[in-house]
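The structure appears right after this line, and notes come after that.
The values are calculated or read from the model by the stated rules, or taken from the named source; none is laboratory data. The model shown is predicted, which means the values in this text are computed figures rather than measured ones. Please note: Cβ atoms are built from the backbone with ideal geometry, for glycine as well, and neighbour counts cover all protein chains shown.
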Amino acid sequence: MNKKFLTIMTSALLVFTACAGGGGGSKSLSSQEPEEPDIYQFWGKYEESDGEYASFTNAAFFLNLDEEGEAVLDKYNFSTYNASPAAENSAFSAGYMLGTWKVAKKEGVDCLQIKLACYNSDGTEDTTTSGTYYAYEDEGVYSFDLTFPIVRGQSFTRIVTLEGQLGKKYADADAFIQAYKKEFVDPANVLKVTSERGGVAYFQEDGTILLYNGHDKVAEGTWTKSDTALSIIVDDEEINAVIDGNEATLTYTYNMAGYAEVEWVFVIDNFTVLPNKGGEEEPPLGVLVEMVDEENNATLTFNKDKTFAIVMDFGATYGSYEVQYGTWSFANYTVTLTPEGGTAYNSRVEDGQFIIEVHINWGGGAIDRDLTFKASQNIIGTFMQA
């Protein structure tokens, strides 16, 4: 080959290479990378309680603004403690609100204009939920306040602040759920009992009982326990356990905000694991049972030696006095009081309560009144063992 021709061809090739890809030259079409489209993600959390309706009101929000100008807001009710993947998660609502977005100026300031609304099952827009929002940027972070319905299709709304950025923070909805999921921790308790239909009872050491519907606390009360009896008081209603050996059964009716009533039956295999505390203190040494008539500030004391005494408190001015005393006996599930020099009184059971009514005439007629002492009917077991 002609050496001169080879030299010319080599020089030409070097020039072409320099023009095509050398420093300072433009990139070839095959090496150019397309620009990434502008997409944005926003996120935020609304939380107001851990009570009965927390699983409905508490939610995290995930807003994606895509390159086509579409806006999709997902909602995740994290207080249900459901952290399964989005596609099968009943607490995750994909497309809870839908709309459009664009880059805009409002009053001369650059921002993102975002329009969102809920949609009905027939595809029509729920105009009561539609809104236009403006997200402004501050050091790379965008934010705006969103008004959202607590339940789609209903009028109750809340406001949540959403923050966002250019590009993605979460790879997908599954990653978002994992970032906002909650793990349920049982309240401190000495005994946890579950029932069918979602009821859970936590007996706490200080005598408090917490009643949960699944993971939502729906009621709180107190519990009392002796060797032979167990009861709880919720909303001033006393619920006595049915005792069979060491097994105790409590029945509580949960009112679901007036919509329906659910009966929970709590069966405790061995209620003796509960300490004798949580309500009234153990009676003093030598005392079997104490009962109170709060209206008359009177206390009826059954002593283990089969004597009894009734003491009335007349306040700081006069103090307390024993106004009646005598002996007591028990037979056929009935307690009989026989006052010193007076008429005997028999107990009765009515509506689950053990009741003793007595008449007091004391102080030369200065005190002449009827007294009524009440307790759970389970107190009979204490007399049986005396």
Inset, instruction - Answer yes or no as to whether Lys169 is in a strand (DSSP E or B), modelled with pLDDT of 95 or more and not polar (S, T, N, Q). - result: no
Inset, instruction - Of the conditions (1) more than 21 Å from Ile356 (Cβ to Cβ); (2) of a type outside the set (D, E, K, R); (3) loosely packed, with under 14 Cβ neighbours inside 10 Å, Gly286 clears all except one; give me its number. - result: (1)
Inset, instruction - Test Met9 against the stated conditions and say whether it is of a type in the set (A, V, I, L, M), loosely packed, with under 13 Cβ neighbours inside 10 Å and either under 30 Å from Gly214 (Cα atoms) or at pLDDT below 95 (or both). - result: yes
Inset, instruction - Return yes when Ser155 is in contact with a Pro (Cβ under 8 Å, 6 or more places away or on another chain), assigned to a loop (DSSP other than H, G, I, E, B) and among the small types (Gly, Ala, Ser) and no when it is not. - result: yes
Inset, instruction - Just one of (1) closer than 30 Å to His359 by Cα; (2) surrounded by fewer than 19 Cβ atoms within 10 Å (Cβ to Cβ) trips up Glu247, so point out which. - result: (1)
Inset, instruction - Scan the stretch 122-131 and give yes if some residue there is touching a residue at least 12 places away in the same chain (Cβ under 8 Å), out of contact with any strand residue (DSSP E or B) (no Cβ under 6 Å at 6 or more places or on another chain), in a strand (DSSP E or B) and among the β-branched types (Val, Ile, Thr), otherwise no. - result: yes
Legend entry - Ser347 vs. criteria at pLDDT 90 or above, exposed (fewer than 15 other Cβ atoms within 10 Å of the Cβ), assigned by TED's automatic domain parsing to the domain that holds Gly363 and not charged (D, E, K, R): no
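Of the residues Ala173, Ala229, which is surrounded by 15 or more Cβ atoms within 10 Å (Cβ to Cβ) and assigned by TED's automatic domain parsing to the domain that holds Glu47?
Ala173
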Legend entry - Tally of residues being over 19 Å from Pro187 (Cβ atoms) and not hydrophobic (A, V, I, L, M, F, W, C) across the stretch 41-65: 7
Inset, instruction - Identify all residues within the stretch 304-314 that are over 48 Å from the mean Cα position of the chain (by Cα) and assigned to a strand (DSSP E or B); write none if there are none. - result: Thr307
Inset, instruction - Taking only the stretch 357-386 into account, find how many residues are surrounded by 14 or more Cβ atoms within 10 Å (Cβ to Cβ), of a type in the set (A, V, I, L, M) and closer than 25 Å to Leu250 by Cα. - result: 3
Inset, instruction - Filter the stretch 327-349 down to residues that are closer than 14 Å to Asn303 by Cβ and hydrophobic (A, V, I, L, M, F, W, C), then give me how many there are. - result: 4
Inset, instruction - Output the number of residues of the stretch 316-330 satisfying the condition of being more than 19 Å from Asp370 (Cα to Cα) and modelled with pLDDT under 95. - result: 4
Inset, instruction - Inspect the stretch 87-99 for any residue being assigned to a helix (DSSP H, G or I) and at pLDDT below 95 and give the result as yes or no. - result: no
Inset, instruction - Select the strands (runs of 3 or more DSSP E) contained entirely in the stretch 315-375, then report the ones holding at least 3 residues which are out of contact with any helix residue (DSSP H, G or I) (no Cβ under 8 Å at 6 or more places or on another chain), among the β-branched types (Val, Ile, Thr) and more than 15 Å from Val292 (Cα to Cα). - result: 334-339
Inset, instruction - Kindly indicate whether any position in the stretch 136-151 is outside any strand (DSSP E or B), within 17 Å of Trp43 (Cα to Cα), of a type outside the set (D, E, K, R) and out of contact with any helix residue (DSSP H, G or I) (no Cβ under 6 Å at 6 or more places or on another chain). - result: yes
Inset, instruction - Restrict the check to the stretch 83-98 and report whether at least one residue is polar (S, T, N, Q), without any contact (Cβ under 8 Å) to a residue 40 or more places away in the chain and surrounded by 14 or more Cβ atoms within 10 Å (Cβ to Cβ). - result: no
